[in-house]
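Asker: Below: one structure in structure tokens.
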């Protein structure tokens, strides 16, 4: 039976702040393979929920660079997963800028294609400050990006079917173990 739990925004943001200018050795770096932005955002989301969804086509998981889902590293796939997920792992709704908080996700693009995923670190009024990989940044204002398409994903929580599971955050944050 699935239980809905609160997403740990503080952990997602702490993870983003630690790893924004570095690469966690537990994950492959996709910078030279189309970009590492969604991989980084997925890591942050995982830090906030410690739960993946292990199914090939519609899931969201990472074991290795050769054993992962498209939703872990692809902008559109992550969007589709988050807004349609009814199983384990994080879930979200497309939202307005005004409802975003630290730990939420912004995706931007141009010419109708979303091409970049970013994590909200903090906000001041209507300005969001973001962390991202590929072009590694921390505390970069959304207003400094050039884009003509944007969507905002408010993380509502996560679902899990496990009880008594070990806390993944300390070893994930340290880059020493990926507890699945």
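Asker: Using the structure shown, decide if residue 180 is modelled with pLDDT under 95, within 19 Å of residue 27 (Cα to Cα), touching a strand residue (DSSP E or B) at 6+ places or on another chain (Cβ under 8 Å) and surrounded by fewer than 16 Cβ atoms within 10 Å (Cβ to Cβ). If you could, list the steps in order and put the result at the bottom.
Answerer: Numbers: modelled with pLDDT under 95: yes; within 19 Å of residue 27 (Cα to Cα): yes; touching a strand residue (DSSP E or B) at 6+ places or on another chain (Cβ under 8 Å): yes; surrounded by fewer than 16 Cβ atoms within 10 Å (Cβ to Cβ): yes.
So residue 180 fits the description; yes.
Asker: Kindly indicate whether any position in the range 128-142 is over 23 Å from residue 46 (Cα atoms), touching a helix residue (DSSP H, G or I) at 6+ places or on another chain (Cβ under 8 Å), part of a strand (DSSP E or B) and free of Cβ contacts under 8 Å to residues at least 60 places away in the same chain.
Answerer: no
Asker: So, one more: Could you list, in sequence order, the residues of the range 86-99 that are under 14 Å from the mean Cα position of the chain (by Cα) and crowded, with 19+ Cβ neighbours inside 10 Å?
Answerer: Once the filter is applied, which keeps residues that are under 14 Å from the mean Cα position of the chain (by Cα) and crowded, with 19+ Cβ neighbours inside 10 Å, the range 86-99 yields 89, 90, 91, 92.
Asker: If you go through the range 137-172, how many residues are out of contact with any strand residue (DSSP E or B) (no Cβ under 8 Å at 6 or more places or on another chain), closer than 21 Å to residue 91 by Cα and surrounded by 14 or more Cβ atoms within 10 Å (Cβ to Cβ)?
Answerer: Matching residues across the range 137-172 total 3.
Asker: Does residue 59 satisfy the condition of being within 12 Å of the chain's Cα centre (by Cα) and either on the phi < 0 side of the Ramachandran plot or surrounded by 19 or more Cβ atoms within 10 Å (Cβ to Cβ) (or both)? Write out each step before concluding.
Answerer: On the way: within 12 Å of the chain's Cα centre (by Cα): no; either on the phi < 0 side of the Ramachandran plot or surrounded by 19 or more Cβ atoms within 10 Å (Cβ to Cβ) (or both): yes.
For residue 59, the condition - within 12 Å of the chain's Cα centre (by Cα) and either on the phi < 0 side of the Ramachandran plot or surrounded by 19 or more Cβ atoms within 10 Å (Cβ to Cβ) (or both) - is not met.
Asker: Does the range 63-78 hold any residues that are out of contact with any strand residue (DSSP E or B) (no Cβ under 6 Å at 6 or more places or on another chain) and either part of a strand (DSSP E or B) or in contact (Cβ under 8 Å) with a residue 60 or more places away in the chain (or both), and which are they?
Answerer: 63, 64, 67
Asker: Would you be able to tell me the number of residues in the range 100-121 that are more than 11 Å from the chain's Cα centre (by Cα), buried (at least 19 other Cβ atoms within 10 Å of the Cβ) and in a loop (DSSP other than H, G, I, E, B)?
Answerer: Total satisfying the criteria: 1.
The values are calculated or read from the model by the stated rules, or taken from the named source; none is laboratory data. Predicted model, so just to flag it, every value in this text is computed and none were measured. Glycine gets a Cβ as well: all are built from the backbone with ideal geometry, and neighbour counts include every protein chain shown.
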